[in-house]
1. My understanding is that a pair violates if its Cα-Cα distance is over 28 Å; which of LYS5/LYS187; LYS162/LYS285; LYS285/LYS355; LYS42/LYS168 do that in this structure?
2. Based on the mean of other Cβ atoms within 10 Å per residue, sort peptides 84-95, 320-331, 66-77 so the most packed one is first.
3. For ASP239 and THR52, what does the FRET efficiency come to when R0 = 41 Å and r is the distance between their Cβ atoms, rounded to the nearest 0.05?
4. Give me the distance in nm between label points sitting 7 Å out from Cα along the Cα-to-Cβ direction at ASP274 and LYS162, one decimal.
5. May I ask you to order 285-293, 345-353 by the average number of other C-beta atoms within 10 Å around their residues, highest value first?
6. Against the longest principal axis of the chain, how steep is helix 53-66, in degrees 0 to 90 to the nearest 10, with axes from Cα atoms?
7. What's the local net charge at GLN202, with K and R +1, D and E -1, over the other residues with C-beta under 14 Å away?
8. Of all alpha-carbon pairs in region 81-140, indicate the percentage at a distance above 20 angstrom.
Amino acid sequence: MSELKNDRYLRALLGQPVDQTPVWVMRQAGRYLPEYREIREKAGDFMTLCSTPDLACEVTLQPLHRYDLDAAIIFSDILTIPDAMGLGLHFVPGEGPKFKNIIRSAADIAKLGVPDMEDNLRYVMDAIRITRREINGKVPLIGFSGSPWTLACYMVEGGPSKDFAKVKGMMFDAPLQMHALLDILAKSVIAYLNAQIAAGAQSIMLFDTWGGTLGQSNYQQFSLSYMQQILAGLTRENDGRVVPVTLFTKGGGQWLEMMADTGADAVGLDWTTDIGSARQRIGDKVTLQGNMDPCVLYASPDRVEQEVANVLAGFGEGKTGHVFNLGHGIHPTIAPENMTRLVDSVHRLSERYHK
Ligand code: 1CP
């Protein structure tokens, strides 16, 4: 495998000194880029794009051609696991992802098994292998998965939800059944991420997008404990390098200490948490990722730069420990030029903090 030319992102995740703050953006490959929309239209539907490794590779690299990013994230989706478990993922225009077979009962859960990673999910591993070859050591490649709780939300709701009534109803009414579902998902996520690491993913991101909808004790029991199991089950070294793991619970600002105790190398912050306070609370234990409000990208480029400066100053002095990102995914309707300003100002303005 070719030598990594820019390892700022991996170094910052491991608390090693860097010359500038590394930056990547959640959902950096996606609908805000005209070149993405073009290839997406040609592919016809989203799953064709994900499951055709050459296309997934091309889309992964698109943002790197435009911006001086310090990492790439493999183009895929968290819902590939439930799809491979037989739920029948499809996309309804205007409504987002939907499942044909929704999880409603203990019998539905009993039918689920851990998917075969080099069979049903081989397209993800092939996309990673091809992308590692094509990226040629320019920056590291991030692999990812949804957390068991977040995957369960989609599997029980059947698609996006505003109130999570069905999945939370199941959790409160039939906790053992919910644990059985989360258990098989945790086993699947461990196998999935280890296969991604073996295929060449150099860092892992665990998206707990809906953990923040839970109360504290339910968060611990139904989301955090499964992420902890996953962290314990992952191959943390490959090809002579540590594979760092970032854990992101959207809306998890009040639980940062617990998240930092899971054994993750980094914790992702959404924009509602003050990064300076987060650093005081957990920043000696883990690296922090985040956390500019994605809506800042709707403002002028100068305002974007100003907000980048605020986040960097909020994190403050120190040679490492911060990976710049948005507090959640980039919105599809922002102006792509604003990303240029974001990335360039992170690099330019952060230098003084690393001396
Ligand atoms: O029509 C299209 O082009 C589909 C839009 C789209 C895209 C671009 C979906 C459907 N998924 C993706 C790619 C994707 N999803 C990536 C690519 C890599 C990158 O970041 O560039 C990643 C990491 C994800 C992860 C993902 N999918 C999450 C976790 C991160 C987060 O944003 O919280 C979640 C919750 C999903 C589910 C999902 N898939 C797609 C949509 C529209 C959704 C959200 C559904 C909802 O509103 O609940």
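A short reminder: the numbers here are calculations on the coordinates, not readings from a lab. Quick caveat, the model's predicted, so the values are computed rather than measured. We place every Cβ from the backbone using ideal geometry, glycine too, and count neighbours over all the protein chains shown.
1. LYS5/LYS187; LYS162/LYS285; LYS42/LYS168
2. Order by mean packing, descending: 320-331, 66-77, 84-95.
3. The value I calculate is 0.95.
4. Distance between the two pseudo-spin positions: 3.3 nm.
5. Per-residue mean Cβ counts within 10 Å order the peptides as 285-293, 345-353.
6. 30
7. Value of the local net charge: +3.
8. Result for the distance tail: 48 percent.
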